[in-house]
1. Within the range 1-91, considering only strands (runs of 3 or more DSSP E) that don't extend past its boundaries, which have at least 2 residues that are free of Cβ contacts under 8 Å to residues at least 24 places away in the same chain?
2. Of all the residues that make up the range 85-109, how many are in contact with a helix residue (DSSP H, G or I) (Cβ under 8 Å, 6 or more places away or on another chain) and under 20 Å from residue 68 (Cβ atoms)?
3. Can you name the residue in the range 116-131 that is in a loop (DSSP other than H, G, I, E, B) and surrounded by 14 or more Cβ atoms within 10 Å (Cβ to Cβ) and is also nearest to the ligand (Cβ to nearest atom) among such residues?
4. Out of 113, 58, 109, 87, report the one residue that is within 16 Å of the ligand (Cβ to nearest atom), assigned by TED's automatic domain parsing to the domain that holds residue 26 and farther than 16 Å from residue 6 by Cβ.
5. Given the residues 357, 352, 385, 309, which is the only one that is at pLDDT below 95, crowded, with 20+ Cβ neighbours inside 10 Å, over 18 Å from residue 242 (Cβ atoms) and touching a helix residue (DSSP H, G or I) at 6+ places or on another chain (Cβ under 8 Å)?
6. Please state which one of 206, 215 is surrounded by 14 or more Cβ atoms within 10 Å (Cβ to Cβ), more than 15 Å from the chain's Cα centre (by Cα) and modelled with pLDDT of 95 or more.
7. Give all pairs with beta carbons closer than 7 Å in which a residue from the range 215-232 that is outside any helix (DSSP H, G or I) meets a residue that is surrounded by fewer than 14 Cβ atoms within 10 Å (Cβ to Cβ); count only pairs at least 6 apart in sequence or on separate chains.
8. Is it the case, given these coordinates, that residue 101 is away from the ligand (no atom under 16 Å from the Cβ), assigned to a loop (DSSP other than H, G, I, E, B) and at pLDDT 95 or above?
Ligand code: 9D3
């Protein structure tokens, strides 16, 4: 990975290039950083690189020195970044995108900025590091190089630290402690000195959750919360006798397609069990038959032979299933109903994420079939989720397997 930094103040980078993790990575040849002095491309022998702003204001860097400096270093593989307060705000997604490039050129702005024609013609991405005012783009360039370098293999000593960051990305870190075990009368939390790894992990997860909810609730919209839930997550597909619009009682049939697709969604998003509820014995037998059919299918006959169906379980009623979960988890699960229609009191997924983290209970998400869940189900659950909507109208036409996939992605997907 190579970085080229175009700046009128190369001295800024002296310590940076020789210090700590970045300094070591440069020495070991894992990254290459060249500093290009913009003054070497001045328009005259006075070293002039800037000029008065058209229309008044301060000084602006002229396009010719920038263009000539760029020409000396640019190849087809170069990606040109300009640091400016008007840029898109830098985050870990941008870091990852830049880490995939071979050669990143960073143009540091100074004074009021650079001539806009150069930015239009030569810059691929304009980046700001946050909403505060600095004196120039040199510190932002160092911030970018620092963050991107960490993702270059071998730069961060403990490679798994980088993996952990991306795995737990989207949530704040837990607090850290070191010796002495008592300092100023303050003790290290008992959970960390117990030597019990499971206990330590649980405490750290919980602390990360508490801090994120308190300090950065905005992060929840994108965070993958599954690793932070210490209890099981269950998906329930309900085939319940419901009144249809003609006033007849009907029970929808189990379908192989639903069982497969929902099982695979559950597998993908770390769901503990996929439970099918149907009061009909013949339908329960059908579930077993489908599972057995695929499990016993000879190799080669079933290209989708998957362990996903091992998540599947059938129950007579919602109550029986919830009692089973409670027994298994030693806690009453939080029950969540889904609907395709708007309902009063329904909560958006974002709120459910917050509730799940706050309560840290096992959770069972109920999906209805055909006409949806029965009214008494809605009144008996802890949370009703707002329907998945888009386009127009206050009703969705999604198949239940699509609804499961979308909801699981919104709850537990990386984004
Ligand atoms: C009068 C308008 N100002 C723009 C908000 C002028 C101005 C202020 C500061 C122009 C340039 C600068 C110098 N800052 C950077 O070059 C810069 C920066 C920053 O100030 N904050 C956050 N990220 C960045 S990236 C480059």
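1. On the way: elements: 2-7, 32-37, 50-52, 59-61, 78-89.
Qualifying strands (runs of 3 or more DSSP E): 50-52.
2. Count: 5.
3. So in the range 116-131, the residues in a loop (DSSP other than H, G, I, E, B) come out as 123-124, 129-131.
Still in the list and also surrounded by 14 or more Cβ atoms within 10 Å (Cβ to Cβ): 123, 129.
On the way: 123: 13, 129: 4 Å.
Out of the qualifying residues, it is 129.
4. Working: 113 fails: farther than 16 Å from residue 6 by Cβ; 109 fails: farther than 16 Å from residue 6 by Cβ; 87 fails: farther than 16 Å from residue 6 by Cβ.
One residue alone meets the criteria, 58.
5. Numbers: 357 fails: at pLDDT below 95; 352 fails: at pLDDT below 95; 385 fails: at pLDDT below 95.
The unique qualifying residue is 309.
6. Numbers: 215 fails: surrounded by 14 or more Cβ atoms within 10 Å (Cβ to Cβ).
Unique residue meeting the criteria: 206.
7. Partner pairs satisfying both residue conditions: 222/415; 224/414.
8. Details: away from the ligand (no atom under 16 Å from the Cβ): yes; assigned to a loop (DSSP other than H, G, I, E, B): yes; at pLDDT 95 or above: yes.
Spelling it out, residue 101 is indeed away from the ligand (no atom under 16 Å from the Cβ), assigned to a loop (DSSP other than H, G, I, E, B) and at pLDDT 95 or above.
The values are calculated or read from the model by the stated rules, or taken from the named source; none is laboratory data. Just so it is clear, the model here is predicted, and its values are computed rather than measured. Glycine also receives a Cβ, built like all others from the backbone with ideal geometry; neighbour counts cover every protein chain displayed.
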